[in-house]
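To start, the structure itself, in structure tokens.
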Ligand SMILES: Cc1cc2nc3c(=O)[nH]c(=O)nc-3n(C[C@H](O)[C@H](O)[C@H](O)COP(=O)(O)O)c2cc1C
């Protein structure tokens, strides 16, 4: 299996303000091998809590059946995917977490690592978007937010792809 140079990954991604994680697909239950400080800040957990563990503990007692199915199918099929999870921070508060996963394949086209980009999308984000775009046109807001969400979702995916491309640079295959 290819080896990822974690030092290089950390050098490139520790400073990113996008929450990023990397899971090792060659190990049982896909434990995380890297999380960046932005991901720790978003969840309230130290890196040590994540490393060597599957990320699902963030779901705690919350129901996520549809999203889990989407991610499981993508992992099995070696595909990219996105799904919104209900997660809990270390302090117990709930948040919506838009997860985008990108597989990193080896020469035989088998998934070696999976890069995750996580985006917190809560009510505050929506309100901030409304304020940013002018909430005086109340009737237009919902339409605008919908469009805005669509645009954002496209750019989030592009972001996740470029993060994955960066990580791929440090995978020796
Ligand atoms: C790189 C990566 C990052 C992930 N990040 C999260 C996350 O932040 N929150 C979450 O609830 N699940 C996350 N997951 C999804 C879970 O680890 C797991 O794949 C999902 O719950 C489906 O599997 P299960 O039904 O066996 O739990 C991540 C998965 C991968 C591969």
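Using a cutoff of 8 angstrom between alpha carbon atoms and counting only pairs six or more residues apart, the relative contact order for the stretch 1-119 works out to 26 percent. In this calculation the C-beta distance from residue 155 to residue 69 is compared with R0 = 25 Å, giving a FRET efficiency of 0.45. Average 1/r across all pairs of distinct alpha carbons in the stretch 31-112, invert it, and you get the Kirkwood radius: 13.7 Å. The label point for residue 54 and the one for residue 12, both projected 7 Å from the Cα toward the Cβ, are 2.8 nm apart. Descending by average beta-carbon neighbour count within 10 Å, the peptides 76-82, 19-25, 88-94, 113-119 line up as 113-119, 19-25, 76-82, 88-94, the highest first. If the segment from residue 110 to residue 162 were pulled out straight at 0.36 nm per residue, it would be longer than the present Cα-Cα gap by 16.7 nm.
Rule-based calculations on the coordinates, nothing more; no lab input. Note that the coordinates shown come from a computational prediction; the quantities given were computed from them, not determined experimentally. Quick reminder, even Gly has a Cβ in these numbers, built from the backbone with ideal geometry, and neighbours come from all protein chains shown.
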